[in-house]
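Take a look at the structure set out below.
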Ligand SMILES: *[C@@H]1O[C@H](CO)[C@@H](O)[C@H](O)[C@H]1NC(C)=O
């Protein structure tokens, strides 16, 4: 590194506006530039009244700041603005977000009912953009064994 380059970098650090830039370069190595949402497993079978944990991780582009994260039942394909499940009276009491505002989007749904059988998606809104998984996690809730027996 030449003396001139060194000098230039020092000048950067000395100006307040350069600080976020330096910070971005530092975190670049450990974070992804892409939007990703991964569910594991992506298909869950559960018995009625049981508690389900949907394991989920996500990444978003470097330089974005998370404004809001939430789970929704509406797909991007539905053409409507996805709504937050935790504000849906059918879910609000039973849904608990166990994740964080960085990479973990795990959620717990308790006392599942047959009506909960659905595909669920995780939604990320940053200061610059919005994204959500195109594929979601599919939950299939079955009745008790007695009902399964009658069904077959
Ligand atoms: C995400 O958070 C849940 C609940 O705290 C935890 O059980 C899980 O191990 C975490 N997953 C990752 C990938 O850190």
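The values are calculated or read from the model by the stated rules, or taken from the named source; none is laboratory data. Remember, predicted model here, so these are calculated numbers, not experimental data. All Cβ positions, even for glycine, are placed from backbone atoms using ideal geometry, and neighbour counts span all protein chains on display.
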For the stretch 25-46, does any single residue satisfy the condition of being at pLDDT 95 or above and in contact with a helix residue (DSSP H, G or I) (Cβ under 9 Å, 6 or more places away or on another chain)?
yes
Residue among 123, 94 that is assigned by TED's automatic domain parsing to the domain that holds residue 50 and either loosely packed, with under 13 Cβ neighbours inside 10 Å or within 20 Å of residue 68 (Cβ to Cβ) (or both)
123
Scanning the stretch 71-102 for residues that are closer than 17 Å to residue 133 by Cα, free of Cβ contacts under 8 Å to residues at least 60 places away in the same chain and away from the ligand (no atom under 16 Å from the Cβ) gives 73, 74, 76, 77, 78, 79, 80, 81, 82, 83, 84, 85
Among the listed residues 66, 53, identify the single one that is in contact (Cβ under 8 Å) with a residue 12 or more places away in the chain, surrounded by fewer than 15 Cβ atoms within 10 Å (Cβ to Cβ), out of contact with any helix residue (DSSP H, G or I) (no Cβ under 9 Å at 6 or more places or on another chain) and closer than 22 Å to residue 114 by Cβ.
53
Within the stretch 73-87, is there a residue that is touching a helix residue (DSSP H, G or I) at 6+ places or on another chain (Cβ under 9 Å) and within 23 Å of residue 113 (Cβ to Cβ)?
yes
